Amino acid sequence: MDPFILFEDDALVAAYKPEGWLVHRSDIDRHESRILLQYLRDLSGSHLYPVHRLDKPTSGVIVFGKSGDIAARLQAELESDSSVKTYIAVCRGYCPEQGEIDHPLPPVADFKHQRKRTKAELPRQDAITLFRRLATIELPYAVDRYPSSRYSLVEAQLKTGRRHQIRRHFKHIHHPLIGCPKYGKSTHNRFFAEQYQCPRLLLHALRLEFAHPRTGARLQILAAPQGCFRTLLQTFGWNLPDWEQAASNGEPHE
């Protein structure tokens, strides 16, 4: 599917990023032609400035500023404790009902010169993720070494913004995300791709809440997952109607 705009005014654009799209051009994936920034510039008719990022395989809400100054203000706001960044994900096993993962992470080494450094040389950065379990399911399939397989739907809130933070943190607590080739488990990834025709990373940026950079009004942008992720939620009976109310619209709140 193509990206679409959730909210727009004279200061910013909030949009739905589908999985598989890059936020902006990068040497990490120089052959990818689906570039969100360029697509939204053409769609809105405005020059846009990146504020934050979503990894290529992650879908969901993302925001851009219409000037460098607005983008800088938005970036500072999203890095503050007053903003709320909420994700949903599907992980292996029954994870705890709720918790805080406080586990420092070294930078992700994307380039060859970075990978030459040993893990001990890479400085660890503070990383905190809050989570709560929303639903569970036990499937009658022997995906791994057990006769049945368990999975959890979780909500995660980022208190810091490290690269691949949610994926790395859930691997750390032994509940890796489904569909992640780097930090997940291939047998479960393959099972979801073949059994449910859902070969993607099951991680979605559900909601952004922050103060508008000009008016100070509280702005909440929320969008439910689309495509096979949405179908999977319905198949498992994980129906969350409050998400559906804002599946394609963001609404400002004072």
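What are the trypsin sites (Lys or Arg not before Pro) within the range 147-184 that DSSP puts in a loop, where the Cβ has at most 14 other Cβ atoms within 10 Å?
Counting only loop positions with at most 14 other Cβ atoms within 10 Å, the trypsin sites (Lys or Arg not before Pro) in the range 147-184 are LYS182.
Where does the charge balance sit around ASP144 when Lys and Arg score +1, Asp and Glu -1, over other residues with C-beta under 9 Å from its C-beta?
+3
For the range 1-81, run through the GluC sites (Glu not before Pro) and keep only the ones in DSSP coil with at most 15 other Cβ atoms within 10 Å of their Cβ.
Counting only loop positions with at most 15 other Cβ atoms within 10 Å, the GluC sites (Glu not before Pro) in the range 1-81 are GLU32, GLU79.
Name the residues whose placed amide hydrogens come within less than 5 Å of the amide hydrogen of ARG163, ignoring near sequence neighbours (fewer than 5 apart) on the same chain.
VAL108
For the chain, set up a GNM with springs between Cα atoms under 10 Å and report which of LEU232, LEU122, LEU153 has the largest fluctuation.
LEU122
Comparing LEU139, LEU40, LEU203, which has the greatest mean-square fluctuation in the GNM of the chain with Cα pairs linked when under 10 Å apart?
LEU139
Give me the one-decimal Kirkwood hydrodynamic radius in Å for the range 201-243, with the sum taken over alpha-carbon pairs.
Result for the range 201-243, one decimal place: 12.1 Å.
With a ≥ b ≥ c the root eigenvalues of the C-alpha gyration tensor of the range 73-207, is it rounded (a/c under 1.5), prolate (a/b larger than b/c) or oblate?
Verdict is oblate for the range 73-207.
Express the carbon and sulfur contribution to the solvent-accessible surface of the chain as a percent, rounded to the nearest whole number, probe 1.4 angstrom.
Looking at the chain in its full context, I get 47 percent from C and S.
Between (i) 18.3, 56; (ii) 16.6, 52; (iii) 20.0, 78, which entry matches Rg and Dmax of the Cα atoms in Å as derived from the coordinates of this structure?
(i)
What percent does the relative contact order of the range 1-95 come to when contacts are Cα pairs within less than 8 Å and at least six residues apart?
Reported as a whole number, the value is 27 percent.
Taking 20 Å as the cut-off for C-alpha to C-alpha distance, list the pairs among LYS17/LYS66; LYS17/LYS85; LYS56/LYS85; LYS159/LYS182 that go past it.
Exceeds cut-off: LYS159/LYS182.
Relative contact order for the range 45-177: what percent, with Cα pairs under 8 Å and sequence separation of 6 or more?
Normalised by residue count, the contact order of the range 45-177 is 26 percent.
Using the membrane-span-like helix rule (whole DSSP H runs, Cα extent along the own axis of at least 30 Å, mean Kyte-Doolittle hydropathy at least 0.0), which helices of the chain qualify?
Qualifying helices: none.
Which of THR160, ALA71, ALA11 sits farthest toward the positive end of the charge dipole of the chain, with +1 on the Cβ of Lys and Arg and -1 on the Cβ of Asp and Glu?
Going by the Cα projections, it comes out as THR160.
Top to bottom by accessible area (1.4 Å), largest first, where do SER67, SER149, SER186 land?
SER186, SER67, SER149
Which whole-number percent gives the relative contact order of the chain, counting Cα pairs below 8 Å spaced six or more residues apart?
19
Roll a 1.4 Å probe over the protein chains and send me the accessible area per residue for the chain in Å².
Per-residue accessible area for the chain comes out at 50 Å².
The values are calculated or read from the model by the stated rules, or taken from the named source; none is laboratory data. Only a predicted model underlies this, so the values are computations on that prediction, with no experimental measurement involved. With ideal geometry, Cβ positions are generated from the backbone for all residues, glycine too; neighbour counts draw on all protein chains shown. Only protein heavy atoms, including side chains, enter the accessible area calculation; ligands, DNA and RNA are left aside. Shrake-Rupley method; radii C 1.70, N 1.55, O 1.52, S 1.80 Å.
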